[in-house]
Number of protein chains: 2
Amino acid sequence: MITGVLLDISGVLHEGDKAVPGAAEAVQRLHAAGLPVRFLTNSTRRSKRRLIEELAAFGIGVAPDEVFTPVAAARAWLDENGHVPHLLIHPGLEEDFADCGTEGPVAVVVGDAADRFSYQNMNNAFRALQDGAPFLALAANRVFRDKDGLLSLDAGPFVHALEYASGTKPILFGKPEADFFRATVASMGCDPALAVMIGDDAESDVAGALAAGIGLGILVRTGKYRDGDEDRVDPRPSAVVADVGEAVDLILSERG
Amino acid sequence: MITGVLLDISGVLHEGDKAVPGAAEAVQRLHAAGLPVRFLTNSTRRSKRRLIEELAAFGIGVAPDEVFTPVAAARAWLDENGHVPHLLIHPGLEEDFADCGTEGPVAVVVGDAADRFSYQNMNNAFRALQDGAPFLALAANRVFRDKDGLLSLDAGPFVHALEYASGTKPILFGKPEADFFRATVASMGCDPALAVMIGDDAESDVAGALAAGIGLGILVRTGKYRDGDEDRVDPRPSAVVADVGEAVDLILSERG
């Protein structure tokens, strides 16, 4: 008996600037069935405000409390540890760090910075790590499905490069970190074993959620999904379905 | 009885645009003793022609046949396998690839591209690898001592990032590849066990040479050397000395 639903956003609800057909209806059907829903994303190219605007444009109305990004957890880490961020992030994410402190030791914060992953910016981040700065990675996904339909480099390869060069291990905040899934489930007041995660990334979304104790992990064949992804991860997905609409069919049919 | 000498260039003969004191005399003393010398470098920011000009400016006269860079081996691989290079290299290295073929499948070639390590260039290289292109890494050093005296990112972190994203293992051509050391020693007609390598990189120069069967590996405390480097590598250097002058003292004293 499922009592809460976690939804990845990019690749599940939309592919680039196109909604996945049936995505808005799928979310409405979950709401109509009285199931709490949380949206959790490792996308770090846009602020939370912009993310909610984009979902609204796809016909999906979402409250700020229903959206979980790695930024809040990273912000909490900075505040608790009294660090000022050295940001290597996308311009679209800057507003989420606008009111950070300006006094204190530096911590390097890396997101999917896209064109800001220049040699100079990478080298500056490396040098801050060499000087002993802690290393916060908002996410470490390898790739994402880009607007042109092809895969593009996500934050992960650059996080990996900085770790390799500096020897500093990153503190990770997004999926597949167990704490990220658990905090999201806790916000629904729901037993993790009775929650389900729906995602297009077999490793980070689905295997990550199952490893964190989420009861079910459903892999959709949209977004970055490639044939056979389910055979390359451990634990394997509970189910593999065509898209989020079919995932919701499965969840609602299990409720009887 | 040493019968051939391998010398790293950057950090051993010069630091940035300054010669290491006594470097030119050290090379002259080797020549005067009748010892063949080869210069081998993983630096991929300049062409072989420019490298020889820079050594000449430091008072070190070197013939083209005495200089070994990873480019020749990579060029040979491209020719043998009938591939055209997709280059992610420094503008200063382009002339060494100027006369490559233009017909055939693509192979991605990565050197220390410096400012050309932009997100777009990295993503284009990644996409070529996704399409099945072989991956040639001219070198994979983590860092180098930059002109401002601080460490900067070398090719290694970016090679690592592309491998992590694509899952394609790079074919390496520079130090510490055993083939690179062996080809250089072979050009002197010298038994590897009777050759010595002098370098400032405990891992890539010295441990790499010893692992490739070079008889002696001498670590100098110039260039990128940091206290205790000799304790962090296996096999350990045969000797650790102040600079290339002292290394040559040691070699000539062993000859009696």
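Just so it is clear, none of the values below were taken in a lab; they were calculated from the coordinates. From a predicted model like this one, the values you see are computed outputs, not experimental measurements. Ideal geometry is used to build each Cβ from the backbone, glycine not excepted, and the neighbour counts take in all protein chains shown.
Would chain A count as rounded, prolate or oblate if I go by the C-alpha gyration tensor, calling it rounded below 1.5 in a/c and otherwise prolate when a/b exceeds b/c, oblate otherwise? Verdict is prolate for chain A. Summary for residue A:57: label point 7 Å along Cα→Cβ; distances to the equivalent points in the other copies, ascending, 5.1 nm. So how far, in whole Å, is the C-alpha centre of region B:53-78 from the one of region A:29-53? Cα centroid of region B:53-78 versus Cα centroid of region A:29-53: 57 Å apart.
Of all beta bridges that DSSP places with both ends in chain A, some 15 percent have antiparallel geometry.
For region B:71-172, the share of DSSP beta bridges that are antiparallel, to the nearest 5, is 25%. Per-residue ellipticity at 222 nm from helix content only, as computed over the protein assembly as shown with -39500 (n - 2.57) for each DSSP H run of at least four residues, stands at -9000 deg cm²/dmol.
Based on the alpha-carbon gyration tensor of the protein assembly as shown and its eigenvalue square roots a ≥ b ≥ c, which shape applies: rounded if a/c is under 1.5, prolate if not and a/b is larger than b/c, or oblate? Here the protein assembly as shown falls in the prolate category.
Each part reduced to its alpha carbon centroid, region B:194-246 and region A:189-234 end up 48 Å apart. Here r is the Cβ-Cβ distance between residue B:179 and residue B:120 and R0 is 22 Å; the resulting FRET efficiency, rounded to 0.05, is 0.10. Computed from Cα positions, the angle between helix A:23-32 and the longest principal axis of chain A comes to roughly 70 degrees. Under the convention that each Lys and Arg Cβ holds +1 and each Asp and Glu Cβ holds -1, the size of the dipole of region B:71-172 around its Cα centre is about 380 debye. Taking the C-alpha atoms only, the angle from helix A:244-254 to the longest principal axis of chain A is near 50 degrees. Scanning chain A for trypsin sites (Lys or Arg not before Pro) in DSSP loops with at most 16 neighbouring Cβ atoms within 10 Å leaves A:1-146 as the longest stretch between them. Computed from the Cβ-Cβ distance with R0 of 22 Å, the FRET efficiency linking residue B:227 to residue B:76 stands at 0.05. Taking a ≥ b ≥ c as the square roots of the eigenvalues of the Cα gyration tensor, region B:106-224 is oblate, since a/c reaches 1.5 or more and a/b is not larger than b/c.
Beta bridges assigned by DSSP with both partners in the protein assembly as shown are antiparallel in approximately 15 percent of cases. Partner shielding of A:111-121 amounts to 4, given as the average count of beta-carbon atoms from other chains within 10 Å of each residue beta-carbon. Each copy carries a label point for residue B:82 at 7 Å from Cα toward Cβ; from one copy, the others' points are 6.7 nm away, ordered from shortest.
The angle between the Cα long axis of helix B:70-81 and the main principal axis of chain B comes to about 40°, on a 0 to 90 degree scale.
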